[in-house]
1. When you look at Val226, is it within 16 Å of the ligand (Cβ to nearest atom) and either part of a strand (DSSP E or B) or surrounded by 20 or more Cβ atoms within 10 Å (Cβ to Cβ) (or both), yes or no?
2. So how many residues does the range 171-198 have that are among the aliphatic types (A, V, I, L, M) and closer than 12 Å to Ile239 by Cβ?
3. So Gln238 passes all but one of these: (1) surrounded by fewer than 15 Cβ atoms within 10 Å (Cβ to Cβ); (2) modelled with pLDDT of 95 or more; (3) more than 15 Å from Pro56 (Cα to Cα). Which condition number does it fail?
4. Residues of the range 100-118 being more than 10 Å from the ligand (Cβ to nearest atom) and closer than 22 Å to Thr244 by Cβ, which ones?
5. Identify all residues within the range 135-152 that are more than 14 Å from the ligand (Cβ to nearest atom) and assigned to a strand (DSSP E or B); write none if there are none.
6. So if I check each of Thr133, Thr171, Thr215, Thr206, which one is of a type outside the set (Phe, Trp, Tyr) and within 24 Å of Pro112 (Cβ to Cβ)?
7. So which residues in the range 92-117 are of a type in the set (A, V, I, L, M, F, W, C) and surrounded by 16 or more Cβ atoms within 10 Å (Cβ to Cβ)?
8. Please count how many residues of the range 119-134 are outside any strand (DSSP E or B) and either closer than 26 Å to Arg167 by Cα or near the ligand (Cβ under 10 Å from one of its atoms) (or both).
Amino acid sequence: MKRTDVGLDRRALLQGAAAIAGLTALSSSAAASSTSTSAPNTVPHSAPHPTPHQSPIRIYRGGTQQAHLPALHVHYPHDATVTMKYVREDADEPDGCTVRGDEETVRAELSPGAGSLEMGGVTYGLAQFHWHTPSEHLLSARDYPIEMHFVHQDDAGHTLVVGVWVRPGLTNRALGRLYDHLVSECSTADHVSHIDVGALLPRRHTSYRYDGSLTTAPYTEHVQWVMLTEPITASPRQIDRFRTMFPTGNRRDVQDITDRVVLTDRGPR
Ligand SMILES: [Zn+2]
């Protein structure tokens with residue numbers, strides 16, 4: 001009997017997690033016909049969680065739940081003009097132009113409509129991408145030298161972030177071109193043309209998905225996280241260019257996973 005109870009609890013938990021990951025087809029097929037006018041993967045965005053759902057987290061491969069996740073359809077531009085901007089958090093400080101805050105970064109902004117991602121029938125526009133060093137999400141005990149965040153929003157204002165780990169290896173040409181334009185703090189934005197944004201993603205789009213938050217203030221929750229399981233590579237020299245800019249790092253510490261389940265479609269090894 002006890003075993004049955006545990007099984008039910010586990011299923012309920014997984015259904016909750018599945019809904020968060022945009023898995024409405026699986027978790028709400030019975031109710032789907034009566035709610036066809038609402039957004040297909042609506043999560044109750046205003047309801048506070050009983051426990052914090054903050055990001056980043058440490059992902060334990062053994063602790064993830066294998067699931068059939070809605071596919072990612074990525075439509076990133078291959079010849080885009082992006083605007084490189086330094087994201088500043090210490091504008092009030094007299095030495096703010098030289099101090100590197102751990103919530104600061106350089107980001108690449110795209111013009112509206114330039115790139116998008118479709119998941120579970122919802123289209124999310126790619127607004128910007130940026131970098132953290134070392135990585136914010138940890139994979140078991142390890143971190144990566146850099147983590148990229150591709151920040152998307154749908155028409156209703158829901159945020160979805162695709163995270164990509166960067167490991168040392170072959171040169172990434174697109175990343176190298178962007179890092180040629182790493183604007184320093186308090187300098188003006190820089191426009192960079194002919195960027196292959198699609199080349200900043202790995203070939204395989206299997207992922208770890210969970211419900212989290214922004215990793216900088218105001219740490220807003222109900223952010224859908226899609227951490228791609230496969231890292232991209234950049235040359236050690238390219239990695240050092242970003243690291244040199246943030247010598248003490250610009251990542252947030254890992255947060256408690258609380259009651260969340262990380263779903264994955266990476267498949268058995
Ligand atoms: Zn970020």
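The values are calculated or read from the model by the stated rules, or taken from the named source; none is laboratory data. Quantities reported herein were computed from a predicted structural model and do not represent experimental measurements. Because the Cβ atoms are built from the backbone with ideal geometry, glycine has one as well, and the counts that use them run over all protein chains shown.
1. yes
2. 1
3. (1)
4. Matches in the range 100-118: Arg100, Gly101, Asp102, Glu104, Val106, Ala108.
5. Correct list: Leu138, Leu139, Arg142.
6. Selected residue: Thr215, the only one of Thr133, Thr171, Thr215, Thr206 that is of a type outside the set (Phe, Trp, Tyr) and within 24 Å of Pro112 (Cβ to Cβ).
7. Val106, Ala108, Leu110, Ala114, Leu117
8. Qualifying residue count, the range 119-134: 2.
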